[in-house]
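A short worksheet on the structure shown next.
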Amino acid sequence: MSFNGLFERYRELQAYVGWSQSDVARIKEVGPLVEPFLAPLIEDFYAEIERHPQARKVITGGEPQIERLKGTLLQWLRELLSGRYDESYVSRRWRVGWRHVEIGLDQVYTNVALSRLRTGLVRAVQETWQSDVLEQRATVRSLNKLLDLDLAIIEDAYQAEYSTRLQRSERLATLGQVAGGVAHELRNPLNVVKTSVFYLLNARNPTPEKRAEHLKRIERHVDLADGVITALSSFAKMPVPSLNPIRIDDVVQEALEADPVSDEVDLKLELPRTLPSILADRDQLRVVFGNLIRNARDAMSNKGTLSITGSHVEDRVAVAITDTGVGIAPEDLGRIMEPLFSTKARGLGLGLSIARSILEKNQGSLSVKSEPGHGSTFTVLLAAAPTTGETAS
């Protein structure tokens, strides 16, 4: 927030607590009366800090730093009682909160410190007041309003700076997690490529069959590495879908042809041609079904039954992909579609995130039901294409 915006916010807060020129006049009048109490108040303030290790630990410069801080606090109190609450005043208050985050002081100590100063200032007003008691009470109310406004600005700065640092920390943690996942996923295929290249460079008179075997290994693992990079690129930037009427059974069949299941998987397709066409991006939808089919196959270790069933639900088409694999633990079910979350020993944990993101952009959705030890069902729900003038592609 700019300091101009900060001052406008302060003015709004003043109006909220009913701050007026009468409050300003009372504070200016009482300032000289409490001036003799400020030095003892500051000594008490830092004596109390000495008794609290969590607050004391942020003071790393010893007595010289404490003496400087005492001078700063005296200036802060004098400004508080000056009656001048302009942009410069507000910006200095805001920096107090920012500085507390910088030195690592817990916000709770800021709150209780201001409470201790408040008690001392109110006591000073009560002990020095010689005129009307009602006016004394009004002055104390004005002082409390002013301290509450100071605390609001300090807390605002504290929260803003803390949130900024937390977001930065989370971004770095996510970057580290992604980097670790990428390194893990790329290291294995690169090692295979390296060993095959070493063989081809150093083997004496390898047979044509052996040479072809290693070249195919290189090609296969380069494709695996490329798949990791493609997944990251797809997750980082998903293009706007081109929505057209398409047949769901055709897209599922294309996904199966691109990444077929093994002969040990009993594949059951129930996608009747009577299902209406859907409105979606064909290429993006192929990625969705490819990811879901691979996940189902991996969950069964390439053995079991994979069922893909389509149904017409009002104005939508549902496709359920059911496996007989290990299932998903209840504590993981709510996180299974989060980016970078994976229950596999290998994998970036982006497949389901990409699938859900694609479906949302294609006006669809993805849901999951699972029973540990019995398998999982992922259901894709997409809008049926309008029947009037429809041309299925």
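The values are calculated or read from the model by the stated rules, or taken from the named source; none is laboratory data. This is a predicted model, so every value here is computed, not measured. Quick reminder, even Gly has a Cβ in these numbers, built from the backbone with ideal geometry, and neighbours come from all protein chains shown.
Side notes on the structure shown:
- Criterion: in the same structural domain as Lys28 (by TED's automatic domain parsing), surrounded by 14 or more Cβ atoms within 10 Å (Cβ to Cβ), modelled with pLDDT of 90 or more and of a type outside the set (Gly, Ala, Ser) - qualifying residue of Leu134, Leu149, Leu105: Leu149
- Top-ranked residue in segment 55-92 [being at pLDDT below 85 and under 23 Å from Asp156 (Cβ atoms); ranked as surrounded by the most Cβ atoms within 10 Å (Cβ to Cβ)]: Ala55
- In the set (1) closer than 24 Å to Gly327 by Cβ; (2) in contact with a strand residue (DSSP E or B) (Cβ under 7 Å, 6 or more places away or on another chain), the condition left unmet by Asp263 is number (2).
- Residue within segment 2-13 that is over 22 Å from Ala124 (Cβ atoms), modelled with pLDDT under 85, among the hydroxyl-bearing types (Ser, Thr, Tyr) and surrounded by fewer than 16 Cβ atoms within 10 Å (Cβ to Cβ) present: yes
- Contact annotation: residue pairs with Cβ atoms under 7 Å, 6 or more positions apart or on different chains, pairing a residue in segment 48-74 that is assigned by TED's automatic domain parsing to the domain that holds Leu117 and in a helix (DSSP H, G or I) with a partner that is at pLDDT below 85 and of a type in the set (Val, Ile, Thr), are Gln65/Ile59; Ile66/Ile59.
- Restricting segment 8-34 to residues that are part of a helix (DSSP H, G or I) and without any contact (Cβ under 8 Å) to a residue 12 or more places away in the chain, the residue that is farthest from Glu135 (Cα to Cα): Glu8
- Filtered by the rule that a residue be of a type in the set (Val, Ile, Thr), more than 20 Å from Ile358 (Cβ to Cβ) and crowded, with 17+ Cβ neighbours inside 10 Å, segment 287-322 gives a lone residue, Thr322.
- Segment 265-286, residues that are of a type in the set (A, V, I, L, M), under 17 Å from Arg247 (Cβ atoms) and either surrounded by fewer than 22 Cβ atoms within 10 Å (Cβ to Cβ) or out of contact with any helix residue (DSSP H, G or I) (no Cβ under 6 Å at 6 or more places or on another chain) (or both): Leu269, Leu271, Leu275, Leu279, Ala280
- Contacts under 6 angstrom Cβ, first residue in segment 273-298 being more than 25 Å from Gly325 (Cβ to Cβ), partner hydroxyl-bearing (Ser, Thr, Tyr), 6 or more apart: Asp281/Ser242
Okay, residues lined up against (1) under 17 Å from Leu381 (Cα atoms); (2) at pLDDT below 85; (3) in a strand (DSSP E or B); (4) within 37 Å of the chain's Cα centre (by Cα):
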residue	(1), (2), (3), (4)
Asp266	no, no, yes, no
Ile293	yes, no, no, yes
Ala296	no, no, no, yes
Gly310	yes, no, yes, yes
Val317	yes, no, yes, yes
